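Below: the structure, in structure tokens.
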Amino acid sequence: MKFLKSWLQDYIVDTLPGDEVVADTLNKKSFEVEEIISLLSDAVYDIKVLPNRAHDALGHRGMARELCADFGYTFKEDKRTEKREDFCDASVESPVIAIGDAKTCTRFMGMRIDGVVVRESPVWLKERLNAIGQKSINNIVDITNYAQFALNKPMHAYDTRSIKGTLCTRFAHEGEALTTLDDKELKLDDKTLVIADDEKVLGLAGIKGGKYSGINPDTTSVILESANFAPGLIRKTSEKYGIRTDASKRFENGIANSLVEDGLYMTANLIKELCGNAKASEVVDVYPQKDAPYHVGISLSELNDILGTEYEYEDVESVFERLSFEWRKVVPEEEIALLANRAVGAPYRLGSSVRFDSPAVFDCSSFTSWLYVHSGISIPRMSVDQYVYTKRIEKKNLKKGDLVFANNNHDPVYTSSIDFLRGTEVSGGINHVGIYVGDGNVTHATSMYKKVVTEKLDDAPRFKDTVGYGRVNDNLREERFVVTVPSERLDIRIKEDIAEEIGRILGYDKLVPILPKLSRTGLIPKRMYYENKIREILIGHGFSEVMTYSFGDKGEISIVKGLADDKEKLRANLASGIRESLNLNLHNAPLLGQKVIKIFEFGDVFTKSGETRKFGFAIDDGVKRSDFDPEVKSIVSEIEKLLGVPVSGDPISSVKPCIAEIDFDVLIETLPEPSQYEAPVFVSQSMVSHKTVSSYPFALRDIAVFVPSGTSENEVRKIIENEAGDLLVRTDLFDRFEKDGKISYAFHLVFQSFEKTLSDDELDEIMNKVTDTLNNQNSWQVR
């Protein structure tokens, strides 16, 4: 996006430095500045904003905030985003606004403004829009565009005369039509989100307005639409109809609901400024589920572990100030106890949201999750996930902040993890959780009392059938930062995000690379250790390793969205992929100079009983012989002797070609962990060679020549290779015999280009040249 320097300066108290300094600082700390466009007394920065920061930085205000953080400057708010007390007039009727589905439209605000005059925009407005590549239309449309590029909030204004009844969001009716502002006719389906009134569709929600929803030269009254839509739905709709706009780009990446309000008031205030007699109605705000602040916590030790630094509290606090983050320091053990005590008596409601309902109402797991979130530690939302997440402890070792889990035979009972480690089974099941607060007491939100209560753990009816006890963190006495994330920073959700912010603002150049701490220094995992042992045997027998696709058209497990029509299932064995690899290598055997193809593979296979590791190896010469069995059995015998365990069953799954497949996990199940590091023999550089392969097909030609007795094969080969040139990539002798004092040498010649497919004419020309040269040698004759 293009950013005008003077526009950015409106939001910054301090004076921005030179353009090169601005670009260099942004490049080092946040964004890539792709171009600086110098104007007469200004500059435009073309800045690449990636999706992770499209929530806040695709507008001048957000980019200005970033510059303030990077340089340590003071940010200046724009008063145009505030509601002015004298702006609304009771004589102007508010529009009627509705949301059809709260999942697709999270907030919808609107107001009516009478007394507008549509005319050319003032010079300052036109110049700002023109500088960033936007064409001026008229003052009303330009104001909505200005709000979009100022705040990252797309806006739309309707001629009040075009709205019949309620202005709403809904899904289109199958076959419903829309003519866009650029006269494009669209046939809509019932999965397309639209803005409509009681009679017609007015536009594609979050993407583009319809022809009959625009501003006309004689418009005197407008209705402003400011809304927010589900990012995924906007992206799918934009792709479906092939329409991508500045608005869709912003909505499909996601924006904060707070921008809905800022955008509406900025647009209304600018209309008031440019149309002095304009009068506005009261604002209508349809906001089904109001956002609550998002909290993320991190300790100083966690920060330094993530970044490999030795930052102090003062360093972290300085960054929070520069980023305008609200924050506080807490001791989790103390904060949990304080919040738990304050929450006693709060009503119980099953399914309560941690973010939107707390602390007004709780259920058991939202209560424990809420306590930890506000103490700077994130844990899963559901009780069964909290059980899987926590470390098991005994009752006698309970400390303040530990969780107590129970199954009191009331629905619902969860027997496996839902979100944290999906599918992980929990013996006995979980349907209730509370938090231990010391002195034998547990605080929990319970349906039995319809509220949050504190009871003696041993006397609490809901914990009569306790399943287990869990510890979230071993050090709840360690001080933590709890950050209240600004509403627009949708990219900050976990402690690693906070660490990234601190690292980049203080400077990535200050990070010193260090080796990670290993639990078993210098030792490779058990699987890899024994795989390398088997690799040595196979490579010693002339095998090459392959890696085939895990996805195919056969298998027991299907994936939700296949990679292609023939890759919709997970493989249940290695043999199928190895067979395809054999065929491919046999086809390329002349190019490879191989008569017998020997390959092997280690890989995971997937069946209804689970995921397992296997290895397979295969031999084929294209003749479909079955006499490779002895070599396969010899290899299996070597593996058994090396590992000291038997290979169960008959590993040969196919005779023609010969393919063997062995369950690797079962084979090494009883083997010990490696006790020392051993470098694999096959990694020696002297055993490894690399060669680029052309993507174009190779071509074969044969040639045989009689030469006088005593003439060596190399003499003939040298002449052939010199005359054939660079397109000859391989020369193999396949026949030799002597007769009447002469020797016959016959060669396979393999030709290939890195630039194109070779034609017969080109090959014939080369072969003629080779033939003529050979025939011109004394007593030589190509036969």
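I'd like to check one number: the per residue accessible area of the chain, probe 1.4 Å, reported in Å² as a whole number.
Result: 49 Å² of accessible area for each residue.
Not counting ligands, DNA or RNA, and with a 1.4 Å probe, what is R65's accessible surface area in Å² rounded to the nearest 10?
R65 exposes around 80 Å² with every protein chain in place.
On a 1.4 Å probe surface of the protein chains, which of D497, D419 comes out largest in accessible area, and what is the full order?
Heavy-atom accessible area, descending, gives D419, D497.
Scattering from the C-alpha atoms of segment 445-532 alone, worked out with Debye: what is log10 I(q)/I(0) at q = 0.19 1/Å?
At q = 0.19 Å⁻¹ the computed log10 ratios are -1.06.
Per residue, what volume in Å³ does the Cα convex hull of segment 160-260 take up?
Considering the Cα atoms of segment 160-260, their hull volume per residue is 103 Å³.
So how long is each side of the chain along the principal axes, counting just the alpha-carbon atoms, biggest first, in Å?
On the principal axes, the chain reaches 119, 76, 56 Å in Cα extent.
For a quick check of understanding: with a 1.4 angstrom probe and all protein chains in place, what accessible area in square angstrom does R235 have, to the nearest ten?
100
Which distance in Å, rounded to a whole number, links the C-alpha centroids of segment 103-154 and segment 484-498?
29
With a 1.4 Å probe and all protein chains in place, put T81, T692 in order of accessible area, largest first.
Descending order: T692, T81.
Can you give the three extents of the C-alpha atoms in segment 51-189 along their principal axes, from longest to shortest, in whole Å?
Dimensions of segment 51-189 along the principal axes of its Cα atoms: 53, 40, 30 Å.
Once the mean 1/r over all distinct Cα pairs of segment 57-135 is inverted, what Kirkwood radius in angstroms do you read off?
Every distinct Cα pair counted, the radius reaches 17.1 Å.
At 7 Å along the Cα-to-beta-carbon direction for both E536 and Y449, put a label point, then send me their distance in nm to one decimal.
The two pseudo-label positions are separated by 6.6 nm.
How large is the dipole of the chain about the Cα centre if only Lys and Arg carry +1 and Asp and Glu carry -1, each at its Cβ, rounded to the nearest 20 debye?
That gives the chain a dipole magnitude of about 1380 debye.
Compute, for F754, the solvent-accessible surface of its heavy atoms (probe 1.4 Å) with the complete set of protein chains present, and express it in square angstrom to the nearest 10.
Counting only protein heavy atoms, F754 exposes about 120 Å² to solvent.
Kirkwood hydrodynamic radius, segment 453-594, all distinct C-alpha pairs: what's the number in Å?
23.3
Would you rank V361, V623, V222 by solvent-accessible area, highest first, keeping every protein chain in place and using a 1.4 Å probe?
Sorted by accessible area, descending: V623, V361, V222.
Got a number for carbon plus sulfur as a percent of the chain's accessible area, 1.4 Å probe?
Whole-percent figure for carbon plus sulfur exposure: 49.
If R₀ is 51 angstrom, what is the calculated FRET efficiency for the pair E32 and K742, using the beta carbon separation as r and rounding to 0.05?
Given R0 = 51 Å and the Cβ-Cβ separation, E is 0.10.
Take K191 and I557, extend 7 Å from each Cα along the Cα→Cβ direction, and tell me the distance between the two endpoints in nm.
It is 2.6 nm.
The values are calculated or read from the model by the stated rules, or taken from the named source; none is laboratory data. Quick caveat: nothing in here was measured; it's all calculated off a predicted structure. Every residue, glycine as well, gets a Cβ built from its backbone with ideal geometry; the counts of neighbours run over all protein chains shown. Calculation scope for accessible area: heavy atoms of the full protein, side chains included, ligands and nucleic acids excluded. Shrake-Rupley method; radii C 1.70, N 1.55, O 1.52, S 1.80 Å.
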